[in-house]
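Written below as structure tokens is the structure these notes are about.
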Amino acid sequence: MRVTIALEGEEVILMKGRRHTPEQIVRKLREADRLLAEGSDVDAVCRHLEISIQTYQRWRSQYKAMRPEDVVRLKQLEKENARLKRLLAEKELDNDMLREVARGNW
């Protein structure tokens, strides 16, 4: 969607929000590093990658110097951690239920 601001005559492109996978983010950050090394400014790089400057800065702080395989491993570890937390919560509920039964508060 393109919008023209009447006072200044500038054309502004409003970008549709979309979700990127961590692998896509790392690839875009690597491309941004390449473009910045070639002498482009951050505004031009963000336009080329079709992201906002704020998104670029947020991604940069979150993913810093990660490689795509590091991101895949991180996501696997987060998934495993969530599964283990869920198992621990179920175990704690079972233990709590057994304590209640043992006290006779049934």
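The values are calculated or read from the model by the stated rules, or taken from the named source; none is laboratory data. Everything numeric in this text was worked out from a predicted model, so none of it was measured. Methodologically, a virtual Cβ is constructed for each residue, glycine included, from the backbone with ideal geometry; neighbour enumeration extends over all protein chains shown.
Can you tell me how many residues within region 55-101 are more than 16 Å from Thr21 (Cβ to Cβ), surrounded by 12 or more Cβ atoms within 10 Å (Cβ to Cβ) and among the hydroxyl-bearing types (Ser, Thr, Tyr)?
Of the residues in that region, 1 qualify.
In the set Leu77, Leu14, Leu88, Leu93, which member is modelled with pLDDT of 95 or more and more than 13 Å from the chain's Cα centre (by Cα)?
Unique residue meeting the criteria: Leu88.
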